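*Asks:* Have a look at this one before I ask anything.
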Amino acid sequence: MLQLNRVSLTFNEGTLDEKKALQHVNLNLKRGDFLTIIGSNGAGKSTLMNVVSGSLLPDTGNVIIDDKSVTHLQEFRRSRFIGRVFQDPMAGTAPSMTIEENLAMAWSRNKNRTLKPGVNKKRKQLFKEHLSTLNLGLEDRLTAKVGLLSGGERQALSLLMATFTEPKILLLDEHTAALDPSRAELITEITANVVEKFGLTTLMVTHNMQQALDLGNRLIMMDKGQIILDVDEKEKPTLTVEKLLDEFQRIRGEQLMSDKTVLG
Amino acid sequence: MFLSFFGAIESGLIYALMALGVFLSFRVLNFPDLTVDGSFVTGAAVAAVMIVNGSSPLMATVVAIVAGFVAGCFTGLLHTKGKINPLLSGILMMIALYSINLRIMGRSNIPLLNESTLFTSITSFWENLGLSTPFNQMLSFIGIQANPRTWAILFFALIITLIVKFLTDYFLKTEVGLALRATGDNQKMIRSFSANTDILIILGLGISNAFVAFSGALIAQHGGFADAGMGIGMIIIGLASVIIGEALFGTKTIARTTLAVVGGAIVYRIVVSLALRVDFLDTSDMKLITSVIVIAALIAPKVIESNRERRRRKRKRIELEQVLASEEGEKKNVAT
């Protein structure tokens with residue numbers, strides 16, 4: 001479903017700030033795979049997400065989705081079939097517009113936008129049904145401005161908006177990191193549900209090791225722009241936080257002390 | 001007094017079209033577009049030149065609207081494809097339009113005094129039907145002796161402005177309209193929902209300046225001339241209308257906000273006409289008056305808000321003191 005072939009990307013090449021964000025990254029996901037990505041800050045996780053979404057173009061290598069190369073497809077064209085939830089709860093919704101308007105915009109993702117009203121009776125009903133699966137009571141607040149919702153509610157809404165058109169790829173970029181523990185747990189739960197319901201091929205970046213182990217059937221660890229550990233479906237259920245840390249120490253021993261705080 | 005009030009409403013309704021254009025760029029797209037100063041004149045210039053050369057006023061107005069649309073699209077192109085900052089894109093286009101407008105007109109001023117315009121045809125049609133008489137009778141009934149020249153322009157401007165307002169309301173609720181609003185609200189988000197924000201910005205600025213040029217074309221026909229300098233400060237007048245309207249009439253829904261903008265444009269004209277009645281102010285002080293009105297409209301809501309907040313805190317403090325005092329009293333009672 002998703003294939004990255006030798007993808008490399010360097011920022012500020014030739015200057016003191018040169019940063020090799022991705023170095024010859026290869027990745028191959030089957031339909032319905034759920035990949036969790038861990039790694040310290042600056043390891044290239046977000047860059048990887050941005051290369052898949054199209055907001056960054058790789059220097060070399062290519063990105064293939066559903067057997068079609070999308071390497072040079074602009075972000076807004078790719079986003080017809082790529083759903084995305086950002087870390088910042090403010091980022092995934094339009095605050096001055098209502099819940100139903102936000103949902104209507106998301107609903108138009110894989111269609112051509114026309115001069116017909118974005119919200120109509122039929123869609124309202126549909127939106128209500130989808131919102132009620134979140135169990136947050138949002139289905140009764142269709143005309144409330146999204147800016148008035150709490151961070152957790154907004155993130156749940158973003159998640160729904162990103163998934164209910166059943167995109168080919170779902171990108172989750174630390175989407176629970178800005179929430180309090182109980183809200184984060186709720187969003188994690190909703191994530192597991194929607195991914196399973198729609199059978200979405202998913203990439204999730206997280207700093208929470210436990211979350212990375214609980215969710216998904218595959219896991220990669222990144223460091224310095226490379227995938228340093230690739231755990232497949234068979235191995236993943238047997239992983240523990242300790243095993244991961246040991247593995248990390250074995251590969252990049254010298255860095256552990258500084259990273260333990262970030263990863264733990 | 002009544003006649004200047006009447007005239008203010010009349011021209012306020014026409015300027016409301018320009019204000020709606022400014023609302024689209026400033027508020028909906030969140031793009032401070034200064035093209036307005038130029039595109040307003042472009043609308044007036046195109047309409048005036050075509051009318052003088054014998055085109056029908058309707059045709060001239062339509063072409064003026066298209067010209068404004070094109071001008072707005074260019075500003076959008078400068079910003080999206082040329083990656084020029086919004087303010088600068090607008091200023092560049094405004095300056096360029098100054099010369100283009102002179103080219104269109106061929107000189108700096110075109111009078112339309114004896115030409116047939118949209119307003120003269122509407123007025124003669126209206127007066128032939130004798131439609132002004134009942135309104136004039138109504139006026140004399142409530143004790144106002146002065147009769148306006150005609151009621152036709154007022155109603156015509158009202159109908160045009162309301163049509164544009166309702167079209168805008170509808171458009172902003174369509175799928176494209178929603179994406180346009182989201183572009184102003186959260187560009188990153190709407191791009192992740194497959195909207196081409198570049199095209200939306202270009203389209204939005206095009207529509208915005210089409211409204212502005214429409215307003216310019218009508219003002220030229222209403223005032224009887226087009227002048228290369230008639231657009232100076234237009235953006236501030238538009239902004240004043242938007243701010244005053246929003247402050248006075250609220251922004252709860254889209255329909256409410258566009259109505260507020262129309263109201264703001266009228267209120268602005270009324271305020272200006274009142275200001276001009278002050279003895280030591282004359283028409284050359286117009287721009288100064290405009291600036292003062294905008295500054296007042298920007299500062300006043302904040303002053304009112306902070307005063308209200310201060311009073312609220314004072315009330316809370318007094319309440320707290322009373323509660324403490326009564327608790328103190330109870331303790332004493334218990335002790336005795």
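*Asks:* Consider A:Thr15 against the criteria (1) open to solvent by less than 80 Å² (accessible area, probe 1.4 Å); (2) over 22 Å from A:Val194 (Cβ atoms); (3) modelled with pLDDT of 90 or more: it satisfies all of them except one. Which criterion is unmet?
*Replies:* (3)
*Asks:* Residues that are away from chain B (no Cβ under 14 Å) and more than 26 Å from A:Glu129 (Cα to Cα): find the strands (runs of 3 or more DSSP E) completely inside region A:8-106 holding 2 or more of those.
*Replies:* Details: elements: A:19-29, A:34-39, A:60-65, A:82-85.
In region A:8-106, A:19-29, A:34-39, A:60-65 are the strands (runs of 3 or more DSSP E) which contain 2 or more residues that are away from chain B (no Cβ under 14 Å) and more than 26 Å from A:Glu129 (Cα to Cα).
*Asks:* Among the residues of region A:205-249, write down those that are open to solvent by 10 Å² or more (accessible area, probe 1.4 Å) and closer than 19 Å to A:Gln87 by Cβ.
*Replies:* Matches in region A:205-249: A:His207, A:Asn208, A:Gln210, A:Gln211, A:Asp214, A:Leu215, A:Gly216.
*Asks:* If you don't mind, there's one more thing I want to ask. For region A:132-163, what are the residues that are in contact with a strand residue (DSSP E or B) (Cβ under 9 Å, 6 or more places away or on another chain) and open to solvent by less than 10 Å² (accessible area, probe 1.4 Å)?
*Replies:* Those that are in contact with a strand residue (DSSP E or B) (Cβ under 9 Å, 6 or more places away or on another chain) and open to solvent by less than 10 Å² (accessible area, probe 1.4 Å): A:Val146, A:Gln155, A:Ser158, A:Leu159, A:Met161, A:Ala162, A:Thr163.
*Asks:* Mind listing whichever residues of region A:113-142 are more than 24 Å from the chain's Cα centre (by Cα) and in a loop (DSSP other than H, G, I, E, B)?
*Replies:* Matches in region A:113-142: A:Arg113, A:Thr114, A:Leu115, A:Lys116, A:Gly118, A:Val119, A:Asn120, A:Gly137, A:Arg141, A:Leu142.
*Asks:* List every residue pair whose Cβ atoms sit under 7 Å apart, with the two residues 6 or more apart in sequence or on different chains, where the first one lies in region A:68-92 and is under 16 Å from A:Ser158 (Cα atoms) and the second, anywhere, is open to solvent by 80 Å² or more (accessible area, probe 1.4 Å) and not in a strand (DSSP E or B).
*Replies:* From residues that are under 16 Å from A:Ser158 (Cα atoms), the pairs are A:Ala91/B:Lys188.
*Asks:* Pick out the one residue from A:Asp59, A:Asp88, A:Asp67 that is open to solvent by 30 Å² or more (accessible area, probe 1.4 Å), touching a Leu at 6+ places or on another chain (Cβ under 9 Å) and not hydroxyl-bearing (Ser, Thr, Tyr).
*Replies:* A:Asp59
*Asks:* Another question, if that's okay. All but one of (1) touching a strand residue (DSSP E or B) at 6+ places or on another chain (Cβ under 8 Å); (2) within 9 Å of another protein chain (Cβ to nearest Cβ); (3) under 25 Å from A:Arg183 (Cβ atoms) hold for A:Thr114; which doesn't?
*Replies:* (3)
*Asks:* Mind checking whether some residue in region B:167-181 is within 14 Å of chain A (Cβ to nearest Cβ), among the small types (Gly, Ala, Ser) and surrounded by 22 or more Cβ atoms within 10 Å (Cβ to Cβ)? Spell out how you get there, then give the answer.
*Replies:* Of all residues in region B:167-181, those within 14 Å of chain A (Cβ to nearest Cβ) come to B:167-181.
Applying the additional criterion that residues be among the small types (Gly, Ala, Ser) yields B:177, B:179.
Now restrict to residues that are surrounded by 22 or more Cβ atoms within 10 Å (Cβ to Cβ): B:177, B:179.
Yes; the residues of region B:167-181 include at least one that is within 14 Å of chain A (Cβ to nearest Cβ), among the small types (Gly, Ala, Ser) and surrounded by 22 or more Cβ atoms within 10 Å (Cβ to Cβ).
*Asks:* Only one of (1) more than 16 Å from the chain's Cα centre (by Cα); (2) open to solvent by 10 Å² or more (accessible area, probe 1.4 Å); (3) away from chain A (no Cβ under 14 Å) fails for B:Ile235. Which number is that?
*Replies:* The failed condition is (1).
*Asks:* Turning to a different aspect of this structure: Which residue is least open to solvent (accessible area, probe 1.4 Å), if the candidates are limited to region B:83-120 and must be without any contact (Cβ under 8 Å) to a residue 12 or more places away in the chain and closer than 23 Å to B:Gly21 by Cα?
*Replies:* Among those residues, the one meeting the criterion is B:Ile84.
*Asks:* Taking B:Thr258 and the conditions (1) farther than 12 Å from B:Gly21 by Cβ; (2) of a type in the set (Val, Ile, Thr); (3) within 12 Å of the chain's Cα centre (by Cα), which numbered condition does it fall short on, given that it satisfies the others?
*Replies:* (1)
*Asks:* How many residues are under 18 Å from the mean Cα position of the chain (by Cα) and without any contact (Cβ under 8 Å) to a residue 24 or more places away in the chain if we restrict to region B:289-325? Steps first, please.
*Replies:* Our first condition is that a residue be under 18 Å from the mean Cα position of the chain (by Cα); within region B:289-325, this holds for B:289-298.
From the residues that got through so far, the ones that are without any contact (Cβ under 8 Å) to a residue 24 or more places away in the chain too are B:289, B:292, B:295-296.
Of the residues in region B:289-325, 4 are under 18 Å from the mean Cα position of the chain (by Cα) and without any contact (Cβ under 8 Å) to a residue 24 or more places away in the chain.
*Asks:* I would also like to ask the following. Return the residues of region B:184-220 that are open to solvent by less than 10 Å² (accessible area, probe 1.4 Å) and either of a type in the set (S, T, N, Q) or on the phi > 0 side of the Ramachandran plot (or both); say none if nothing qualifies.
*Replies:* Hits for region B:184-220 are B:Ser192, B:Thr197, B:Ser208, B:Asn209, B:Ser215.
*Asks:* From B:Ser291, B:Ser241, B:Ser273, which residue is open to solvent by less than 20 Å² (accessible area, probe 1.4 Å), among the polar types (S, T, N, Q) and part of a helix (DSSP H, G or I)? Let's see the steps before the verdict.
*Replies:* Working: B:Ser291 fails: open to solvent by less than 20 Å² (accessible area, probe 1.4 Å); B:Ser273 fails: open to solvent by less than 20 Å² (accessible area, probe 1.4 Å).
So the residue among B:Ser291, B:Ser241, B:Ser273 that is open to solvent by less than 20 Å² (accessible area, probe 1.4 Å), among the polar types (S, T, N, Q) and part of a helix (DSSP H, G or I) is B:Ser241.
The values are calculated or read from the model by the stated rules, or taken from the named source; none is laboratory data. Computed from a predicted model, the values in this text were never measured in an experiment. FYI the Cβ positions are ideal-geometry reconstructions off the backbone, even for glycines, and counts take in every protein chain you see. Only protein heavy atoms, including side chains, enter the accessible area calculation; ligands, DNA and RNA are left aside. Shrake-Rupley method; radii C 1.70, N 1.55, O 1.52, S 1.80 Å.
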